[in-house]
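As structure tokens, the structure follows; a few thoughts come after it.
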Amino acid sequence: MLVRTVAAAEDAIEWFGGLSLFTGRAVRELFRRPFEFTEVLKQVFEIGWRSAPLIILSGLAVGAVLSMHTRSTLERFGAVSMIPTALAFALVTETGPLITGLLVSGRVGAGIGAELGGMRVTEQIDALDSLAVDSFKYLVVTRVMACIIALPLLTVLMNLSGLLGGYLAEAVVSGASFTFYFRSAFNGLAFSNYIPPTIKTVVFGLIIGSTSAYLGYNATGGAEGVGRASTQSVVLSSIFLIVCNVILVKCIFFLFPGTAL
Amino acid sequence: MNRNKKLIVGIFVGGCLLLFGVGLFLIGDSQQLFTKSFTVYADFAKITGIQDGGKVRVAGMDAGTVTNIEVPSRPDTPFRVQFRIVEKLHPLVRQDSVATIQTDGLLGNKYLQIDAGSPDSPLARDNSKIASKEPFEWSDIMDEINGVVKEVNGVVAGVKDQLVSTLSQIEGTAQTTNLLIHDAAPNVKSILASADKIGANLREIVSGIQEGQGTMGALFKDKEMYSSVKRSIEKAEETVGNIRDTSASAKKIVGKVEVSDIVPEVERTVKNLQQITARVKDAVDTFQSAAGEGGVAENLQRTLADAHEAMSDLSDDTEALKHNFLFRGFFNSRGFYDLAAVTAPEYQSPAFAKGFKRERVWMESANLFARDAKGAEVLSVEGKARLDEAMTALLKFPRNGPLMVEGFAGEGTPSERYLLGRARAVRVETYLVTRFHLRPAYVGVISMGAELPDKGISGGFKEGVGIVSFYK
Amino acid sequence: MTEELEAGRKSGKCAIEFASVSKAFGSRVVLKDVSFSVAEGTTYVLLGRSGAGKSVTLKLIDGLLKADSGTVTVNGEDIAALEHRALAQSRKRIGYLFQSAALFDSISVGENVAFPLRRHTKKPDAEIRSQAQGLLEQVGLGKEYDSMPGDLSGGMRKRAGLARALAVEPSLLLVDEPSAGLDPVTSTEIDELLIDIKTNRHATLVVVTHNIQSARRIADRMAFIDEGRLLAEGTVKELEHSEHELVQAFMNSHMGG
Ligand SMILES: Nc1ncnc2c1ncn2[C@@H]1O[C@H](COP(=O)(O)OP(=O)(O)O)[C@@H](O)[C@H]1O
Ligand SMILES: [Mg+2]
């Protein structure tokens with residue numbers, strides 16, 4: 001029993017070490033020629049553009065719901081005029097980036113895990129290498145890059161559509177004016193509440209991209225293995241993302257003490 | 001990867017970056033980053049949590065942000081707070097403008113308030129220093145309250161003297177202007193009743209606060225604050241105890257907590273008081289100099305009517321104050337707002353004085369009242385003795401709840417019964433309040449005449465009064 | 001022909017040389033101490049039951065897998081010792097038809113064939129397209145340029161894979177079961193094509209096949225791998241007279257594919 005536990009722990013640590021090396025390599029290769037521009041564009045299209053509808057719809061819904069909750073809470077204190085500010089603060093500093101990260105890890109993580117896994121078990125990755133194309137650069141680095149580019153952009157979309165959802169929910173109740181709502185939403189924010197949380201999603205992108213690419217790129221065991229890589233991509237990248245977020249938030253508080261409430 | 005896709009990616013990336021930029025712009029704009037501005041600074045020994053990027057307001061208008069806080073290197077040098085103000089508001093910021101650190105709402109963020117300077121003073125120069133006032137301390141307020149209370153005391157005493165002398169003037173000339181007095185009497189009476197009620201309300205509020213009741217009271221109960229406030233309270237207690245009208249002190253307390261809508265109410269109250277003083281003075285002067293002349297009667301009538309109106313405004317205001325949330329906790333725990341407003345069904349409902357125990361004494365009207373020359377009921381000497389005896393028994397219970405005098409009458413139509421019951425209760429109440437120095441707001445009358453069942457209550461009891469003491 | 005070959009071998013012009021190569025995946029040993037060499041410009045056929053390690057041998061030659069011990073020398077260079085760029089450089093002249101064809105299923109059949117051309121040459125688009133079209137016609141898929149790989153049958157995919165392998169103008173062609181899933185006629189055509197590549201382009205071929213008739217047609221030398229060992233190695237004749245029963249049974253069977 002003990003022996004087996006120790007072995008399992010060793011496996012996990014080894015796996016994690018593999019992931020770390022893989023991620024390190026991906027990051028290093030990000031800055032090395034040749035840059036597969038066309039492939040990166042293609043992946044930004046797949047990962048960024050194609051996620052946009054999901055992000056916008058979720059943003060609208062999340063914003064509306066948050067707004068309703070905020071209203072019912074603030075109403076008690078007669079602070080209804082704080083709703084846009086409170087919603088913007090909640091969305092921009094935490095909810096927006098985190099939900100975007102989780103949604104993308106669901107949609108894109110599974111996609112990358114399955115796609116690369118499929119290519120691995122059908123020897124397409126070997127074929128790339130045999131054609132003198134660096135499969136790591138061509139498949140992994142491009143996807144990691146695209147995730148890194150797409151996440152902050154999608155977070156911006158999430159934040160704004162969240163505010164829009166909040167506005168719509170508010171407009172139904174109180175008929176607030178659009179410009180006034182958005183002005184007062186951003187009125188309570190400082191640059192340090194806005195820029196670091198948005199930029200931190202670059203790390204989310206790296207986590208999602210490299211975790212799911214690692215699982216897909218090293219998939220074994222046929223169709224079943226591909227399925228496993230796909231689900232594990234979602235589960236593991238979500239977990240890593242949530243854990244990493246704690247560290248990132250701590251770092252942001254450390255670097256910008258003003259952002260802590 | 002066709003051109004179409006490249007175009008879409010371009011639009012996607014560009015669009016999102018643009019939206020991000022719009023956010024940046026809105027934030028920058030709210031911090032007045034993009035408008036022409038000038039910089040000034042002020043020194044503070046304490047900065048009570050104001051931060052870099054904190055808001056700056058000039059005369060209440062958003063005007064810029066704190067750009068830098070220089071931390072002192074020695075304990076005896078102050079913090080230097082540097083801040084930007086938009087050029088547009090420069091005309092308001094003079095060399096004698098004063099910077100203070102304020103709180104946005106009850107729980108809000110700290111911000112820097114810059115008072116508009118005086119018109120004669122030159123404009124504050126860029127990168128110059130302006131004066132500052134340290135954030136307030138509770139003990140400071142209490143000192144202020146002390147002063148204000150004494151002032152108000154003087155004013156109120158003045159008003160009272162004036163009223164009394166007015167009345168004695170009126171009485172003095174009663175022989176010659178009989179008709180006039182007859183007309184004026186109800187007005188004067190109701191003015192006095194209003195003034196009395198105001199006094200009672202305010203006294204209650206202040207003593208409630210002193211006992212730590214209600215939100216306002218809880219603020220005072222806060223341990224940290226308590227120690228700094230306690231001394232001041234003790235000093236204030238004496239003064240507060242004997243005043244009739246402390247609206248000004250309530251104004252001060254409330255004003256410091258910045259519940260903006262109460263402030264003007266109370267302010268108006270104080271103005272009314274001052275007006276009354278002036279009017280009554282005028283009236284008295286006029287009356288004295290031109291006694292007996294035709295215009296006087298009209299003049300006095302109008303003056304009294306105005307005074308009455310002002311007084312009832314005042315009493316409405318203090319009434320509103322009671323329902324203000326800062327004091328609400330106190331009235332909730334007391335179990336009632338105003339005994340005078342309680343109706344018989346309310347009184348009989350279980351919600352009344354919920355959570356209080358009650359002790360009751362019945363008294364037959366035959367034992368209490370005698371008839372005077374006109375046949376109206378008055379308290380007899382024997383009745384007074386009986387009331388003294390009954391109260392002695394009741395006063396053994398804690399005096400922390402209302403005392404209700406119930407009036408009963410069993411003869412005639414319901415309205416006759418109601419009126420007689422009420423008259424009986426009022427007579428007993430008036431006697432008790434003066435005889436035992438009871439707090440008027442805690443003593444209520446209620447006529448049970450109309451509600452009385454045909455067979456009477458409690459062993460056929462139909463005529464008389466019940467005295468009920470509520471206590472915890 | 002045999003003498004010429006012998007001469008070639010003796011002169012040391014070996015395209016491929018395996019020296020005591022062993023390969024295992026975890027605890028599963030796939031190749032044990034395998035040694036053989038392939039002369040330049042000849043066709044070498046690998047035989048053996050499925051799971052014997054033939055595909056692994058091809059991947060070792062292409063450097064897709066690394067040997068646990070022993071050396072794999074390709075064109076005089078130890079493939080395991082090559083650094084990344086040099087390996088890529090040497091692969092530019094190696095064509096590889098995978099057992100599963102391994103077409104990229106996100107792009108069309110024609111673009112699969114054009115892929116190495118687009119990556120490694122600066123030719124204009126039209127020229128690349130016509131070249132890819134030509135290659136597809138060679139394998140009988142002239143009409144399938146715009147089809148997606150998923151819409152083709154297994155045999156067609158195999159042929160498209162071969163076209164892609166040929167696109168690099170290989171000096172070394174690795175072919176994994178070319179005739180699996182093909183009808184006898186097409187199978188023979190493919191054999192002709194392979195022979196043509198060897199003779200006219202002077203390419204070296206390593207072919208894995210189960211089709212013994214096809215093997216006889218194209219092979220200069222052949223090897224029989226079983227349970228990770230090189231059971232027999234030599235010309236067709238030599239293998240026919242091998243002392244191993246399994247090899248004999250294999251050589252004399254008439255099954256195709
Ligand atoms: N990447 C791999 N990981 C683990 N085992 C493998 C791998 N590739 C091949 N094998 C195993 O090696 C053995 C030889 O496989 P292979 O060379 O494909 O056989 P064949 O001779 O039929 O081509 C098989 O048992 C296979 O399961
Ligand atoms: Mg095989």
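Observations on the model:
- Failed criterion for residue C:57 (all others in (1) closer than 19 Å to residue C:247 by Cβ; (2) away from ligand 2 (no atom under 16 Å from the Cβ); (3) open to solvent by less than 20 Å² (accessible area, probe 1.4 Å) hold): (2)
- Hey, residue C:107 among the β-branched types (Val, Ile, Thr), away from ligand 1 (no atom under 16 Å from the Cβ), in contact with a Leu (Cβ under 6 Å, 6 or more places away or on another chain) and modelled with pLDDT of 90 or more or not: no
- From A:101, A:111, residue being open to solvent by less than 30 Å² (accessible area, probe 1.4 Å) and in contact (Cβ under 8 Å) with a residue 24 or more places away in the chain: A:101
- Candidates in the range C:120-147 are the residues that are more than 14 Å from every other protein chain (Cβ to nearest Cβ) and touching a residue at least 40 places away in the same chain (Cβ under 8 Å); of these, the one that is farthest from residue C:92 (Cα to Cα) is C:140.
- Evaluating residue C:36 against the criteria (1) away from ligand 2 (no atom under 16 Å from the Cβ); (2) under 20 Å from residue C:244 (Cβ atoms); (3) open to solvent by 30 Å² or more (accessible area, probe 1.4 Å) leaves one unmet condition, (3).
- Only residues that are modelled with pLDDT of 85 or more and of a type in the set (S, T, N, Q) were counted across the range B:122-141, and they come to 2.
- Checking residue C:26 against (1) away from ligand 2 (no atom under 16 Å from the Cβ); (2) modelled with pLDDT of 90 or more, the condition it does not meet: (2)
- The condition (being touching a residue at least 40 places away in the same chain (Cβ under 8 Å) and within 14 Å of chain A (Cβ to nearest Cβ)) is satisfied by just one residue among C:82, C:64, C:87, C:117: C:117.
- Some residue of the range A:216-226 being surrounded by fewer than 18 Cβ atoms within 10 Å (Cβ to Cβ), part of a helix (DSSP H, G or I) and either of a type in the set (D, E, K, R) or touching a Pro at 6+ places or on another chain (Cβ under 6 Å) (or both): yes
- Members of the range C:43-59 that are in contact with an Asp or Glu (Cβ under 8 Å, 6 or more places away or on another chain) and either more than 8 Å from ligand 1 (Cβ to nearest atom) or touching a residue at least 40 places away in the same chain (Cβ under 8 Å) (or both): C:43, C:44, C:48, C:49, C:52, C:54, C:55, C:58
- Take the conditions (1) within 14 Å of chain B (Cβ to nearest Cβ); (2) in a helix (DSSP H, G or I); residue A:189 misses just one of them, which is (2).
- Taking (1) surrounded by fewer than 21 Cβ atoms within 10 Å (Cβ to Cβ); (2) in contact (Cβ under 8 Å) with a residue 24 or more places away in the chain; (3) away from ligand 2 (no atom under 16 Å from the Cβ) in turn, residue C:106 satisfies each apart from (2).
- Every test in (1) assigned to a loop (DSSP other than H, G, I, E, B); (2) buried (at least 20 other Cβ atoms within 10 Å of the Cβ); (3) within 17 Å of the chain's Cα centre (by Cα) is passed by residue C:157 save one, and that test is (1).
- Among the residues of the range A:44-90, those identified as among the aliphatic types (A, V, I, L, M), within 11 Å of chain B (Cβ to nearest Cβ) and open to solvent by less than 40 Å² (accessible area, probe 1.4 Å) are A:44, A:47, A:52, A:55, A:79, A:88.
- Residue in the range B:404-412 that is in a helix (DSSP H, G or I), open to solvent by 30 Å² or more (accessible area, probe 1.4 Å) and on the phi < 0 side of the Ramachandran plot present: no
- Tallying residues that are facing chain A (nearest Cβ under 7 Å) and either assigned to a loop (DSSP other than H, G, I, E, B) or under 19 Å from residue A:194 (Cβ atoms) (or both) within the range B:1-12 yields 1.
- Pair list, Cβ under 6 Å, 6 or more apart: the range C:199-226 residue within 14 Å of chain A (Cβ to nearest Cβ), other residue open to solvent by less than 20 Å² (accessible area, probe 1.4 Å) and more than 13 Å from ligand 1 (Cβ to nearest atom): C:206/C:44
- Test: residue in the range B:95-102 that is surrounded by fewer than 17 Cβ atoms within 10 Å (Cβ to Cβ) and either at the interface with chain A (Cβ under 10 Å from one of its Cβ atoms) or assigned to a loop (DSSP other than H, G, I, E, B) (or both): yes
- Per the listing C:174, C:162, the residue uniquely open to solvent by less than 70 Å² (accessible area, probe 1.4 Å), within 25 Å of residue C:16 (Cα to Cα) and assigned to a helix (DSSP H, G or I) is C:162.
- The numbered conditions (1) of a type outside the set (Lys, Arg); (2) within 16 Å of ligand 2 (Cβ to nearest atom); (3) open to solvent by less than 60 Å² (accessible area, probe 1.4 Å); (4) modelled with pLDDT under 90 are all true for residue C:50 except (3).
- Candidates C:216, C:201, C:221: the one that is surrounded by fewer than 20 Cβ atoms within 10 Å (Cβ to Cβ) and over 30 Å from residue C:131 (Cα atoms) is C:216.
Condition check ((1) closer than 17 Å to residue A:235 by Cα; (2) at the interface with chain C (Cβ under 9 Å from one of its Cβ atoms); (3) assigned to a helix (DSSP H, G or I)) across all residues:
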{"site": "A:108", "(1), (2), (3)": "yes, no, yes"}
{"site": "A:117", "(1), (2), (3)": "yes, no, yes"}
{"site": "A:125", "(1), (2), (3)": "no, yes, yes"}
{"site": "A:136", "(1), (2), (3)": "no, no, yes"}
{"site": "A:148", "(1), (2), (3)": "no, no, yes"}
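- Selection of the range B:25-45 for residues being open to solvent by less than 60 Å² (accessible area, probe 1.4 Å) and part of a helix (DSSP H, G or I) yields B:26, B:27, B:28, B:29, B:30.
- Residue match in the range C:78-95 (condition: within 16 Å of ligand 2 (Cβ to nearest atom), within 30 Å of residue C:235 (Cβ to Cβ) and either aromatic (Phe, Trp, Tyr) or within 20 Å of the chain's Cα centre (by Cα) (or both)): no
The values are calculated or read from the model by the stated rules, or taken from the named source; none is laboratory data. In this text, all values refer to a predicted model and were calculated from it rather than measured experimentally. Using ideal geometry, Cβ is built from the backbone for each residue, glycine included, and neighbour counts are taken over all protein chains shown. Please note that ligands, DNA and RNA were not included when accessible areas were found on the heavy atoms of the full protein model with its side chains. Shrake-Rupley method; radii C 1.70, N 1.55, O 1.52, S 1.80 Å.
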